[in-house]
Number of protein chains: 2
Amino acid sequence: MRIVVLAGGIGGARFLRGLKDALHNRADQADSQPEITVIGNTGDDITLFGLRVCPDLDTVMYTLGGGINEEQGWGRADETFTVREELIAYGMQPQWFGLGDRDVATHIVRSQMLAAGYPLSAVTEALCDRWRPGVRLLPMTDDQVETHVLVEDGSGRRAIHFQEWWVRYRAQTPAQAFVSVGADSAEPAPGVLAAVEEADLVLLPPSNPVVSVGSILGVPGIREAVAAKTVVGVSPIIGGAPVRGMADACLSAIGVETSARAVAEHYGPELLDGWLVDDTDADAAVDGVTVRAMPLYMSDPERTEAIARAAVDLAVELGGRS
Amino acid sequence: MRIVVLAGGIGGARFLRGLKDALHNRADQADSQPEITVIGNTGDDITLFGLRVCPDLDTVMYTLGGGINEEQGWGRADETFTVREELIAYGMQPQWFGLGDRDVATHIVRSQMLAAGYPLSAVTEALCDRWRPGVRLLPMTDDQVETHVLVEDGSGRRAIHFQEWWVRYRAQTPAQAFVSVGADSAEPAPGVLAAVEEADLVLLPPSNPVVSVGSILGVPGIREAVAAKTVVGVSPIIGGAPVRGMADACLSAIGVETSARAVAEHYGPELLDGWLVDDTDADAAVDGVTVRAMPLYMSDPERTEAIARAAVDLAVELGGRS
């Protein structure tokens, strides 16, 4: 079985861990090793202190490779912050992004390889040589695509990098719009379209539908390729609130209600075949989409595995539809 | 009194600390604050992991600014090595240069400023805003000058960066020659020639006469400007051996005996007016150079201050000669 997953950061990475467990435990699949290709969001990427930082790719890589800070959900376990402390002592800006020392090393390796002319996809593969995440991790594109946020506050109306809005302002400054700078002319990274075309099913984890999954689908060619497949998504909204993170601030900026149903309608039946919602949202009905309810909090590995298994099962069940 | 010091790393930095103490304690200078301008060696500079590292400038800055690892003589106090550990886990080369986390932050700031177009002299000034070394620290040049070493071993005859020879091979692979790559077309950094011209005296600390002081003097224009001044040097050789480091390996490569007398003759009477040697070398006589003997080990702050004071006193005494 070949599965493609469009993943953001924390939610995507946790879902992927559950998916690996679920596939590993599917006894009936023992004769053929399932293959998971992850198309990672790079719209959150940012250059800080001359280092190229890819938060979502790294969260997936660290989580599946056993290096993640489990409590926090992002960043490295046993992290130290000596470099950051020193950069602050030098008065370096920005100070709102907390780069850890272990993380800095990843960004140094990446930046060195990029400077040497390797595309991000090759760099990501090289980093994964160490982490062995057990999936094929591809950036959505090798081109630079960065999500900027149009905000208006005391300083006037301006566009800031998504990370500044998310990390510095905790998404508290209302977003008027998201602009995916560079998306128009971006191309899917090598292997992305082929992986989707060869996939038996595509899963959308409970990642941010606007700035994570939305950014991936915004790379020309990816949405069309995905829409041609059997696609099952997991709602990132439970009972009118994001499971984690500040997806509500993103949804309201694009005029989408913060509800499991509204997110499914935003993806639309052209893209989505099945939609997993929490029991709380069991009454959500979406035209043209098969909705199934179950406990949807990824509160522990077993629960997460059950969610992933349900997503795969639903996709297999709907396999004839796309 | 205006003093210019041509400094390498550890020996130069320790001498400078003694010099600051000596000048601070010269009661007769109380009416005019002495000014020390340090012309730092940048021939040891190297780009590692995309970061520009200036070992000698940093050793001076950290030592005078209170951030040095006192036992080691270079690098930061309370240093950690998380980034290095991670770079090794990624298999990054080279692994023979032990960049500490605090040090990495300095190189990030420097590299960022260089990438933004600031010359090294402006970068050094900005870094010193934090460290306040109490001297004016100038790189010998804003141009890239790197000392390479011609060696011959099992891998054949080849040129390697000075740091590789010094740190990786501990100067154990015989050097056939030193090549100061870029020196021919380098220009003294802004302020260097003016500082020398306005100086009342120039001091050569017990730094490596070949790859530290020699590199500085190798920047076109500096040797001539210095030679026009009253110059007193402190021998880096005591009783036929380097006080510290591996200067003997450098001296033998250029055909100079490892002795206090031979080093003075290498500098030559055109450059040197006075020469401080250890009591062990009291019999050293150099044509055209005034030699004075005293205990020359910089074993503690008081001894170091005494050496620096003796160098200043000798230069003042010889003041009419240049």
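The values are calculated or read from the model by the stated rules, or taken from the named source; none is laboratory data. Just so we're clear, the structure is a prediction, and the values are computed from it rather than from any experiment. Cβ sites come from the backbone with ideal geometry, for glycine too, and all protein chains shown count toward neighbours. The area values use the complete protein model at the heavy-atom level, side chains included, leaving out ligands, DNA and RNA. Shrake-Rupley method; radii C 1.70, N 1.55, O 1.52, S 1.80 Å.
Some observations on this one:
- Mean projected area in nm² (Cα convex hull; one quarter of hull surface) for segment B:186-277: 5.7 nm²
- Segment A:233-309 versus segment A:57-88: alpha-carbon centroid distance in Å: 28 Å
- Within the accessible area of chain A (1.4 Å probe), percent carbon and sulfur: 47 percent
- Chain B: angle of helix B:301-317 to the longest principal axis, Cα-based, in degrees nearest 10: 50 degrees
- Beta bridges by DSSP in the protein assembly as shown, antiparallel share as percent, to the nearest 5: 45 percent
- Its Cα gyration tensor gives segment A:271-322 an equivalent ellipsoid, and the semi-axes of that ellipsoid, as √(5λ) in whole Å with the largest first, are 20, 15, 6.
- Cut-off 9 Å between beta-carbons: net charge of the residues surrounding B:D44, Lys and Arg +1, Asp and Glu -1: -3
- Dividing the mean sequence gap of close Cα pairs (under 8 Å, 6+ apart) by how many residues segment B:138-291 holds gives a relative contact order of 20 percent.
- Cβ-derived FRET efficiency at R0 25 Å, A:A116 paired with B:R158, nearest 0.05: 0.70
- With distances taken between every two different alpha-carbon atoms, segment B:78-121 has a Kirkwood hydrodynamic radius of 11.6 Å.
- Each Cα pair under 8 Å and six or more residues apart adds its separation to the average, and for chain B the resulting relative contact order is 20 percent.
- Average accessible area per residue (Å²) across segment A:101-245 - probe 1.4 Å, nucleic acids and ligands excluded: 39 Å²
- Dipole of segment B:117-263 [Lys/Arg +1, Asp/Glu -1 at C-beta], most positive-end residue of B:S259, B:T147, B:S207: B:S259
- Three-way shape label, segment A:116-184, alpha-carbon gyration tensor, a/c 1.5: prolate
- Enclosing the Cα atoms of chain A in their convex hull gives a volume equal to 129 cubic angstrom per residue.
- Derived scalar couplings between HN and Hα for segment B:49-61 equal 6, x, 10, 8, 10, 10, x, 6, 4, 5, 5, 5, 5 Hz in order, rounded to whole Hz, by the Karplus curve 6.51 cos²θ - 1.76 cosθ + 1.60 (θ = phi - 60°), x for Gly and Pro.
- A:V5 long-range amide H proximity, modeled H, under 5 Å: A:T37, A:V38, A:I39, A:L203
- For segment A:58-159, the list of trypsin sites (Lys or Arg not before Pro) that fall in a loop by DSSP and count at most 14 other C-beta atoms within 10 angstrom is empty.
- Summing both sides, the accessible surface hidden between B and A at a 1.4 Å probe radius is close to 2200 Å².
- Placing unit charges on the Cβ atoms only, positive for Lys and Arg and negative for Asp and Glu, gives segment B:50-90 a dipole magnitude near 180 debye about its Cα centre.
- Counting all C-alpha pairs of the protein assembly as shown, share separated by more than 47 Å (%): 34 percent
- Across the identical copies, how the B:S252 labels are spaced - nm, sorted shortest first, 7 Å along Cα→Cβ: 7.6
- The Kirkwood hydrodynamic radius of segment A:211-322, based on inverse pair distances between different Cα atoms, is 14.3 Å.
- 222 nm mean residue ellipticity, helices alone, for chain B (DSSP H n ≥ 4; -39,500 (n - 2.57); rounded to 500): -10000 deg cm²/dmol
- Complex-versus-alone comparison for segment B:98-121, residues with a loss of 20 Å² or more in accessible area, probe 1.4 Å: B:D101, B:R102, B:A105, B:I108, B:V109, B:Q112
- Relative contact order of segment A:249-322, pairs being alpha-carbon contacts under 8 Å that are 6 or more residues apart, as %: 24 percent
- Plainly put, segment B:74-163 has a radius of gyration that is 1.03 times its Kirkwood radius, both from alpha-carbon atoms, as the Rg/Rh ratio.
- Seen from A:L64, the other residues with C-beta closer than 13 Å to its C-beta sum to a net charge of +2, counting Lys and Arg as +1 and Asp and Glu as -1.
- Qualifying GluC sites (Glu not before Pro) for segment B:92-158 [loop in DSSP, other Cβ within 10 Å: at most 10]: none
- Computed from the Cβ-Cβ distance with R0 of 30 Å, the FRET efficiency linking A:E71 to A:V316 stands at 0.30.
- Using Cβ point charges alone (K and R +1, D and E -1), the dipole size of the protein assembly as shown about the Cα centre works out to roughly 20 debye.
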